[in-house]
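Throughout, read-outs are computed from the coordinates displayed, never taken from laboratory work. Please read these numbers as outputs of a predicted model, since none were measured by experiment. As a convention, Cβ positions derive from the backbone with ideal geometry for all residues, glycine included, and neighbour counts pool all protein chains shown.
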Amino acid sequence: MGQFVDGKFVGDPSKDKLQALENPARKPIGLLRKNYIRVMMKLNHFLDKHYDKKQGIETCDLVFISDLKDEPVDFSEFLIDELYGALPVTLFGAMHRPAENISKQTCTFVDIGAGKARPLVLAAEHGYKNILGIEYVPSLAQTGRDNCEIALNHMKDVVWENRTADATSMKYPDTDLVVLACNPFDRPMFDRWLKNLLNDLRDNPREMVLIYHHSICSHLLDARPDLERIEYGLADQLKIHLLNPHPYGAWRYKRA
Ligand SMILES: C[S@@+](CC[C@H](N)C(=O)[O-])C[C@H]1O[C@@H](n2cnc3c(N)ncnc32)[C@H](O)[C@@H]1O
């Protein structure tokens, strides 16, 4: 079980995530901050809706596990009902900057828990040519594929796939990797996923940058000797902090 030290959560948050989220130390300090976060969320929602309209896709509506009773998948390891919410459009540019030393022409951009595929569309717009989404829930993966067909099929030099699969046991492409994880799961799924990713890199060493948003398990990444945290530049940090109340980080695979 973890605890809050100087306002930061230290330890294993997934054992009781709900308790962690309700801890007073995580609650916004005062009305001003609360209202600021509300305004930022509304602003992001407005911009995300605008983006959907421009692309002719739908990625904004949240999806809850309780809405997916007929879905043929096991949700027993999920701790909260909210399953799908997307990375705000405004964050993508600054958030993937730590990966800028990896060639977008030859690497694969992988979204772990791709949902309705907003980050896949954003990745193509930012110049990535090989794009892979992995989504556990078949209906969400299908919506993601529909969205990609609308938004990406005119980009003839982009190869994309939004696969219905469990990311904790997936096989990664044989290329350098830019991996996005936008709060896909907690422990113990996170442990299985990380082990699988790092085993893949150990067996076939190559460049890998992991971008982790809403990073409740980031202490597990910091504890790994084969991963190194990459610092964001001040301009990106400011941009991300101002637009986003959630923690985030980036890590690089350290080849032996
Ligand atoms: C917070 S949403 C993020 C969606 C997307 N990355 C985005 O930013 O638009 C997390 C997604 O991870 C998916 N997910 C959860 N567990 C998964 C697993 N084991 N394998 C693949 N996808 C998973 C959920 O179904 C959900 O769509």
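Quick notes on this structure:
- Mean sequence separation of contacting Cα pairs (under 8 Å, at least six apart), scaled by the length of region 26-253, corresponds to a relative contact order of 19 percent.
- Residue exposure sequence - Val39, Val179 - by fewest surrounding Cβ within 10 Å: Val39, Val179
- Cut-off 15 Å (backbone N to label point 7 Å along Cα→Cβ of Phe64), residues of region 79-108: 79-85
- Share of pairwise Cα-Cα distances greater than 23 Å in the chain is 52 percent (whole percent).
- Magnitude of the charge dipole for the chain, about its Cα centre and with charges confined to Cβ atoms of Lys, Arg (+1) and Asp, Glu (-1), is about 800 debye.
- Ascending count of other beta-carbon atoms within 10 Å, so fewest first, for Arg187, Arg255: Arg255, Arg187
- Peptide packing for 45-56, 163-174, 207-218 was compared via the average number of neighbouring C-beta atoms within 10 Å per residue; ordered from the highest value, the list is 207-218, 163-174, 45-56.
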